[in-house]
Amino acid sequence: MSDTTRVQWFPGHMAKTRRIMQSNLKLVDVVIEITDARIPYSSRNPEMDRLVGAKPRLILLNKSDSADETVTSQWIDYYRRNNVIAVATDCRSGKNINKFKSALKDLMAEQVEIWEAKGMHGRPIRMMIVGIPNVGKSSFINRLAGSKRAKVEDRPGVTRGKQWVTLDDSTELLDMPGVLWPKFDDKLVGEHLAFTGAVKDDILDAEYLACRLSELLADRYPDSLIDRYGISLNELPENDDEMMGCVKGAEILERIGKKRGFLISGGEINTERAAATLLDEFRAGKLGRISLERPI
Ligand SMILES: Nc1nc2c(ncn2[C@@H]2O[C@H](COP(=O)(O)OP(=O)(O)OP(=O)(O)O)[C@@H](O)[C@H]2O)c(=O)[nH]1
Ligand SMILES: [Mg+2]
């Protein structure tokens, strides 16, 4: 781990988040954990498993419109094998929100029966949304709540200061998502979070990041680079040292800059501009549907 990634990790912040999360967890029956389908591993905080404990949980692979469909299906299977229900969603278009709703009903059916048997008729299912920054928590809440979002309810006494949204007669949503910081003890995790824009650009050097991204794309999704930039990926130099070298990526950025006509005085190629372009266009989904992480 480099110094630049280490500065992002604040144990104090995590302790505070943990406290807030634990007190909110007591109020809900089920936790909806939102992850980024392009980086399902890096966009989760492993601490979440411990915090949630035995409480029912459902994982969303959001932004699935930007991820590789085949890989997303592999992740859903992976979670199923581990007895966790995962649903691929797109909160921008609303795709699969209904699938989520039926998955939630199935997951909670047994609990609802228990409530009924105890005479707790009409006890709504209470849920909370958690996830790292920028995964689509607010978008998801807005999708679920729709026009009801404006009519949030403050219930002093029961849950002081907590805002609940009644979604239908059987579900209530804690209208305050729990934000969990991603965990950066791994260099690749930090990079993947930076590629997708989950952490700010200034944490890692943009040109270095773009080099790494271009190498990853050249290996796994070469057509995304070839089609978007009209470059060839033939005869690229190989990196000598996996950790240090980035000559391959630097050459790809050179080729992108050349094609786009990004020049600085003296006819040199402006690789800084090529780097910014690649990162922007990747984040905007212009390179196609790409998944950076596969289940093991
Ligand atoms: N392509 C795509 N973009 C999405 C999706 N869901 C959310 N976004 C975009 O992702 C960005 C972040 O969405 P938010 O809903 O603000 O995410 P958040 O988790 O609430 O972010 P913070 O409040 O900053 O932690 C926005 O630009 C959304 O438009 C999705 O399913 N697909
Ligand atoms: Mg938000």
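The values are calculated or read from the model by the stated rules, or taken from the named source; none is laboratory data. Model, not experiment: these values are computed from the prediction. Note that each Cβ is placed from the backbone with ideal geometry, even for glycine, and that neighbours are counted across all protein chains shown. In case anyone asks, the SASA skips ligands and DNA or RNA and just uses the protein heavy atoms, side chains included. Shrake-Rupley method; radii C 1.70, N 1.55, O 1.52, S 1.80 Å.
Here are the numbers for the structure shown:
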| item | result |
| --- | --- |
| Boolean, Y221 is of a type in the set (F, W, Y), under 24 Å from R289 (Cα atoms) and surrounded by 20 or more Cβ atoms within 10 Å (Cβ to Cβ) | no |
| Residue list for the range 55-68, restricted to those being more than 16 Å from ligand 2 (Cβ to nearest atom) and surrounded by 15 or more Cβ atoms within 10 Å (Cβ to Cβ) | P56, R57, L58, I59, L61, S64, D65, S66, A67, D68 |
| Some residue of the range 149-160 being small (G, A, S) and at pLDDT 80 or above | no |
| Selection status of G136, under 19 Å from N45 (Cα atoms), small (G, A, S) and open to solvent by less than 30 Å² (accessible area, probe 1.4 Å) | yes |
| The range 260-284 - residue that is in contact (Cβ under 8 Å) with a residue 24 or more places away in the chain and small (G, A, S) and, of those, farthest from L209 (Cα to Cα) | A274 |
| One residue from V87, V71, V52 being open to solvent by less than 70 Å² (accessible area, probe 1.4 Å) and within 14 Å of ligand 1 (Cβ to nearest atom) | V87 |
| From R273, R212, residue being of a type in the set (K, R) and open to solvent by less than 80 Å² (accessible area, probe 1.4 Å) | R212 |
| Residue tally, condition within 15 Å of ligand 1 (Cβ to nearest atom) and not in a strand (DSSP E or B), over the range 163-178 | 3 |
| Residue match in the range 197-207 (condition: closer than 18 Å to A37 by Cα, open to solvent by 40 Å² or more (accessible area, probe 1.4 Å) and not assigned by TED's automatic domain parsing to the domain that holds R273) | no |
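Here's the yes/no breakdown for (1) over 11 Å from L60 (Cβ atoms); (2) among the aromatic types (F, W, Y); (3) touching a strand residue (DSSP E or B) at 6+ places or on another chain (Cβ under 6 Å):
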site	(1), (2), (3)
I85	no, no, yes
F100	no, yes, yes
D106	yes, no, no
Q111	yes, no, no
A117	yes, no, no
M127	yes, no, yes
